[in-house]
Amino acid sequence: MKLRNKKLTENEFLKIRKEVLKSWVTGNDSQLNLKAAVKYLKSIPEEKNFAIKLNNAKKEGVTLVQPRAGVPVLDEHIKLLQYLEKSGADFVPSTVDSYTRQNRYNEAQKGLEESMQRHRALLNGFPVVNQGVANCKKVLESVGVPIEARHGTPDARLLSEIIHAAGWTSNEGGGISYNIPYAKNIPLEESIRNWQYCDRLVGYYEERGIKINREPFGPLTGTIVPPSISNTVMIIETLLAAEQGVKNITVGYGMGGNLIQDVAAIKALYCQTIDYLDKFGYKDMEISTVFHQWMGGFPQDEAEAMALISYSSTVAALSKTTKLITKSPHESIGIPTKEANGLGVKASKFIVNMLKDQSMEASNSLNKEIKQIKKEVSCLIDVILNVGKGDLAVGTVKAFEQGLIDIPFAPSNYNAGKILPARDNDGRIRILEFGNLGFSEEIKAFHRKKIAKRAKKEGREVSFQLTVDDVYSVSKGKLIGRPKVFK
């Protein structure tokens, strides 16, 4: 089927579905019957529906907290989520293992069986597809809050079928954000088509009165990503999902480090997402935002790591984001214990509650940054639509092929990988090397001027060393990678 940004008909969707369910043995489960799935989803209480809980939080002006977590064995996974719920998590995740993310279900099965035999986790997450609908239902029924699947899967079609049939009412990812930053050899056209199916599945349920949340992955590679790049990807994935019938979408952003720029990025993202949905005629949409705590290198010292978590929570609260994704003070060590993960939740929850009734007042600096981010996003989306001759899906593939949209530090062979970010003298993320990025000369001049000002102050040349220094700076307790001789 030729790629295009057009809603799959129900017949097209059901035809593809027959093949999707054949991809692993758990796809034969009678509980994947759509009528049975609809009936079960309608029985889920409102307090365990992700979309409804987000909508209520948005109305109340509160920031809800959600960690990352997942282990392979069912009973241990349930214990982990119950612990995080008791720690104050408003939502709990099920982070999926790396084999499942690549649809390597045989290896995931082996890892699951060995984990059970050895009584230790030999997979880095919960193998949703291998666990199947019945066990995923047990996970949902063991907690009192909504569950989201978090993974990184270019082809999440069977995974999506299983989690939604099991009553999980949120699924993270998208054809760009769960391919370019995660995979090397998956064609973008293929992953976009796969995620059109995932979104059409949600649209199918929406048509039957069931609210399900979808959340594109905002941080992308998580390493000093310019806000306009990540915001553009979020808006593209939102529009692609809306075309397939998705109604409740949470657009995300990964912390950059500069308070003003981070708040501006969230505000610009929300406003432009609404604007583009209106422009393309998508009505009755429910849009919320999610802020991801620092995704780059973490300090090894636990107290310093907790300070970074607390700072991230402060920025999230001041941005008035709907949801905050937390980290743990063991971030630099490896997979955290449930206790360490719980500490991250508790600290984050304390901060967002403290700041609930406070906000960042509008300022000239904040307004300028919002305006700049919006200008850059509009420029990129115009270029993408132009190269696709009006078709967003086609345009996205062609734009990536030509480097008109480019994600820094991504492993994908379908990403140009020619742009380099660096911070300006205030610590805001700018672009040092543009490659073929579809910015106007005016925008490029703005970035060059900002970076040149920093280099001059530090007494050094504008070079790749700026990028290198900035990548490692936060883990060393500094936002900007200044030279040692700089005072």
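Being in a loop (DSSP other than H, G, I, E, B) and either closer than 29 Å to A108 by Cα or in contact with a strand residue (DSSP E or B) (Cβ under 7 Å, 6 or more places away or on another chain) (or both) is the filter here; which residues of the stretch 57-95 pass it? Reasoning before the result, please.
Within the stretch 57-95, the first condition is being in a loop (DSSP other than H, G, I, E, B), and the residues that meet it are 61-63, 67-73, 87-91.
Across the stretch 57-95, the qualifying residues are T63, P67, R68, A69, G70, V71, P72, V73, G88, A89, D90, F91.
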Filter the stretch 23-42 down to the residues that are surrounded by fewer than 14 Cβ atoms within 10 Å (Cβ to Cβ) and more than 28 Å from the chain's Cα centre (by Cα), then identify the one that is farthest from A156 (Cα to Cα). K39
Six or more apart or on different chains, Cβ under 9 Å: which pairs go from a residue in the stretch 229-257 that's free of Cβ contacts under 8 Å to residues at least 40 places away in the same chain and assigned by TED's automatic domain parsing to the domain that holds D278 to one that's of a type in the set (K, R) and not in a helix (DSSP H, G or I)? Could you list them? I249/R214
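Can you tell which of E331, E304, E286 is more than 30 Å from K6 (Cα to Cα) and under 19 Å from the mean Cα position of the chain (by Cα)? Talk me through it step by step, then tell me what you get.
Details: E304 fails: under 19 Å from the mean Cα position of the chain (by Cα); E286 fails: more than 30 Å from K6 (Cα to Cα).
Selected residue: E331, the only one of E331, E304, E286 that is more than 30 Å from K6 (Cα to Cα) and under 19 Å from the mean Cα position of the chain (by Cα).
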Of the listed residues (F350, F409, F400), the one being crowded, with 22+ Cβ neighbours inside 10 Å, among the aromatic types (F, W, Y) and not assigned by TED's automatic domain parsing to the domain that holds F446 is F400
By residue number, the members of the stretch 179-200 that are in contact with a Leu (Cβ under 9 Å, 6 or more places away or on another chain), among the aliphatic types (A, V, I, L, M) and in a helix (DSSP H, G or I) are I192
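Across the stretch 258-282, which residue is farthest from I325 (Cα to Cα) among those that are touching a residue at least 24 places away in the same chain (Cβ under 8 Å) and among the hydroxyl-bearing types (S, T, Y)? Reasoning before the result, please.
Taking the stretch 258-282 first, the residues touching a residue at least 24 places away in the same chain (Cβ under 8 Å) are 258-269, 271-273, 276-277, 280, 282.
With the extra rule that they be among the hydroxyl-bearing types (S, T, Y), the set shrinks to 273, 276, 282.
On the way: T273: 20, Y276: 25, Y282: 27 Å.
If we take residues in the stretch 258-282 being touching a residue at least 24 places away in the same chain (Cβ under 8 Å) and among the hydroxyl-bearing types (S, T, Y), then Y282 is farthest from I325 (Cα to Cα).
Condition check: in the same structural domain as C136 (by TED's automatic domain parsing), over 23 Å from H119 (Cα atoms) and either more than 18 Å from the chain's Cα centre (by Cα) or surrounded by fewer than 19 Cβ atoms within 10 Å (Cβ to Cβ) (or both). Does K79 satisfy that?
Numbers: in the same structural domain as C136 (by TED's automatic domain parsing): yes; over 23 Å from H119 (Cα atoms): no; either more than 18 Å from the chain's Cα centre (by Cα) or surrounded by fewer than 19 Cβ atoms within 10 Å (Cβ to Cβ) (or both): yes.
Judged against the criteria, K79 is not a match.
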Against the condition within 15 Å of the chain's Cα centre (by Cα) and surrounded by fewer than 22 Cβ atoms within 10 Å (Cβ to Cβ), how does I180 come out, does it pass? no
Lone unmet requirement of (1) in a loop (DSSP other than H, G, I, E, B); (2) touching a Pro at 6+ places or on another chain (Cβ under 6 Å); (3) closer than 14 Å to E369 by Cα for G256: (2)
Check V143 against each of (1) aliphatic (A, V, I, L, M); (2) under 21 Å from E215 (Cβ atoms); (3) surrounded by 20 or more Cβ atoms within 10 Å (Cβ to Cβ) and name the one condition it does not meet. (3)
If you check A416, A422, which single one turns out to be surrounded by 22 or more Cβ atoms within 10 Å (Cβ to Cβ) and either of a type outside the set (G, A, S) or within 20 Å of G218 (Cα to Cα) (or both)? A422
Sole residue being of a type in the set (D, E) and touching a residue at least 12 places away in the same chain (Cβ under 8 Å), chosen from E114, E148, E60: E148
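The values are calculated or read from the model by the stated rules, or taken from the named source; none is laboratory data. Just so it is clear, the model here is predicted, and its values are computed rather than measured. In this analysis, Cβ positions are derived from the backbone assuming ideal geometry, glycine residues included, and neighbour counts consider all displayed protein chains.
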